[in-house]
Amino acid sequence: MTTMSRSVFYMAKSGVAVKMNEPVFSSPPLNGILPDILYLQNLPSMVVSHVLNPQPGETILDMCASPGGKSTHIAQLMKDDGTIHSIDKNEGKADIIQKLCNQLGITCVKVHALDSTKLLNAQKDLYSKEDIKFEAGSFDRILLDPPCSGLGQRPRIREDMNLASLLSYAPYQRKLMHTAVQLLKEGGTLVYSTCTLNPQENEELVRFALDNFPLRLERAEPYLGSPGLVWKKKSEEEINQILGNGKETLGERRGKKQKKSLDVNIGVGLSVEEASKVQRFDPSLDGTIGFFVAKFVKTKENTS
């Protein structure tokens, strides 16, 4: 049996077993203690709500809210004064959000079971059974913490994700971003976060957002993580090598309908200045799970 330190454990690519003889921290476990007062979150998850900086009386959207930790934290920061629309397209997960709100005594959160990519279209809310449609420019602040590859979470003994699955997240995240920008008021704040270390879902998503929407990147404060990654755009030849050592080119993959999700520009990163504004939590550097946070402000659209 090999015994690993915490830092080595996070960085190791292979291993047989991990043996823990004592707790990592001196504080006692808090799971299940005072459930009507306490809700446990990782440090980066708590940072996200502070970066959003919600104010009492505002109208806020949490687009992918389950299990509800960030929604209820936002509500606490707002002093439970205002309106938070917490969305999850799964009715069961929406129910989990509502139960957490009830447990913590939160009243300003309205829970909806809806598809967040279609919030500008009328939908039947599976949770309230009402027809719901949100108007463009109707939210002061939006949190987009979308489904992601989760590569920043604690290491798993078994990982079944393949390349096609990994590359499928970014296109969906871009759809959510497109909807988020339309729903946000001019001058409003949009915070984007993931629990993955995959640059395609982090820095490249930020690059996509800045290049395609009326958004300005702001420094994500409080700043407790590390700067984002900086790199130049890769050539198609380099991309082909990444995708399969030349066995199948990017063009060939784009031509296959069943692999349409792979049509994402790989390697479009941030400038040094832009990277200094986002936060990347690296387990090997920051002692937390892997996480990413970016903060945008919606600017006036150029109609000329």
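The number of residues in the range 104-128 that are out of contact with any helix residue (DSSP H, G or I) (no Cβ under 9 Å at 6 or more places or on another chain), open to solvent by 70 Å² or more (accessible area, probe 1.4 Å) and under 26 Å from Pro56 (Cα atoms) comes to 1.
Taken residue by residue, the range 153-172 has no member that is open to solvent by less than 30 Å² (accessible area, probe 1.4 Å), touching a strand residue (DSSP E or B) at 6+ places or on another chain (Cβ under 9 Å) and either under 15 Å from Lys89 (Cα atoms) or not aromatic (Phe, Trp, Tyr) (or both). Looking across the range 77-98, the residues that are open to solvent by 30 Å² or more (accessible area, probe 1.4 Å) and in contact with a helix residue (DSSP H, G or I) (Cβ under 8 Å, 6 or more places away or on another chain) come down to Leu77, Lys89.
For the range 190-216, a tally of residues being within 15 Å of the chain's Cα centre (by Cα) and either of a type in the set (Asp, Glu) or closer than 17 Å to Leu143 by Cα (or both) returns 14.
The one condition from (1) in contact with a Phe, Trp or Tyr (Cβ under 7 Å, 6 or more places away or on another chain); (2) at pLDDT below 95 that Thr72 does not meet is (2).
Any residue at all in the range 138-146 that's farther than 23 Å from Lys277 by Cα, open to solvent by 20 Å² or more (accessible area, probe 1.4 Å) and without any contact (Cβ under 8 Å) to a residue 12 or more places away in the chain? Within the range 138-146, not a single residue is farther than 23 Å from Lys277 by Cα, open to solvent by 20 Å² or more (accessible area, probe 1.4 Å) and without any contact (Cβ under 8 Å) to a residue 12 or more places away in the chain. Counting only helices (runs of 4 or more DSSP H) that sit completely within the range 152-219, those holding 2 or more residues that are of a type in the set (Val, Ile, Thr) correspond to 169-183.
Identify all residues within the range 269-287 that are in contact with a Phe, Trp or Tyr (Cβ under 8 Å, 6 or more places away or on another chain) and either more than 24 Å from Asn42 (Cβ to Cβ) or open to solvent by 10 Å² or more (accessible area, probe 1.4 Å) (or both); write none if there are none.
Gly269, Arg280, Pro283, Ser284
Listed by first and then second residue, the pairs with beta-carbon distance under 9 Å, at least 6 apart or on different chains, first residue in the range 202-230 and more than 17 Å from Met177 (Cα to Cα), second open to solvent by 70 Å² or more (accessible area, probe 1.4 Å), are Glu221/His50; Glu221/Asn53; Pro222/His50; Leu224/Leu43; Gly225/Leu285; Ser226/Leu285; Pro227/Val272; Val230/Val272.
The values are calculated or read from the model by the stated rules, or taken from the named source; none is laboratory data. Everything numeric in this text was worked out from a predicted model, so none of it was measured. Cβ coordinates were reconstructed from backbone atoms using ideal geometry, including for glycine residues, and neighbour counts include every protein chain displayed. With ligands, DNA and RNA removed, areas are computed over all heavy atoms of the protein, side chains included. Shrake-Rupley method; radii C 1.70, N 1.55, O 1.52, S 1.80 Å.
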